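Since the structure comes first, as structure tokens, the remarks are kept for the end.
Since every read-out is calculated from the coordinates, none of them should be taken as a lab result. Please read all numbers here as calculations on a predicted model, not as lab measurements. Cβ: placed from backbone, ideal geometry, glycine included. Neighbour counts: every protein chain shown.
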Amino acid sequence: QIHPSTSTGVHIALSTRPTTMSNLSTLLLAVPLLLLLASASVPTATIRGRLRLPNPGEHLNRTKVTLNDDLATYTQDDGSFVFHRVPPGVHILDVQSRTYHFSQVKVQLLEGAMGSPKCIEYYYPGAAKQAVPHPLDMVAHAEYQYYEPRQGFSVMGIFKNPMLLMMLFSVGL
């Protein structure tokens, strides 16, 4: 509705619609409630496990463990890890260690049996699979070797040098 002012000729607009602020506050209150209701309807599970080294005397530093490359956690001092509120479906659990090689584990969570996930271990992608119990107990299979030991000095190594061979060939002619 538009009401003319009496002396200045300026029009003031008044509206009977609710203000934007009240719409925004209603929306801000409704969104968390809808998220709470949506999360309550989807069953979730907790995936637990522990990383160990073959030699019990060695200590494993905090290591990153991922689930589908979406969820991530770090191991505790004792090597244990936990993923909370994992939805139903098939998930790939992978250990991101720079020092040790751990198996990948495929975890299947069915809506009817969220308390007892089915876990299948792969030593490496494409390898034979093996069923493992939950909570997971994962032992490192190997330690990565990034560096090769330097070869020692060899007299034959000098004669295998292409530059020396060309020099000897050109002097010999």
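Taking only the alpha-carbon atoms of the range 83-126, what semi-axes of the equivalent ellipsoid follow from 5 times the gyration tensor eigenvalues under a square root, in whole Å, largest first?
23, 12, 7
Return the Cα extents of the range 83-173 along principal axes one, two and three, sorted largest first, each rounded to a whole Å.
Cα extents, longest axis first: 86, 22, 21 Å.
So how far apart, in nm, are the two label points at Gln145 and Thr66 if each is 7 Å from Cα heading toward Cβ?
So the two model labels end up 2.7 nm from each other.
Give me the distance in nm between label points sitting 7 Å out from Cα along the Cα-to-Cβ direction at Lys118 and Met167, one decimal.
Each label point lies 7 Å from its Cα, and together they span 7.0 nm.
Measuring from label point to label point, each 7 Å out along Cα→Cβ, what is the Asp78 to Ala131 span in nm?
2.8
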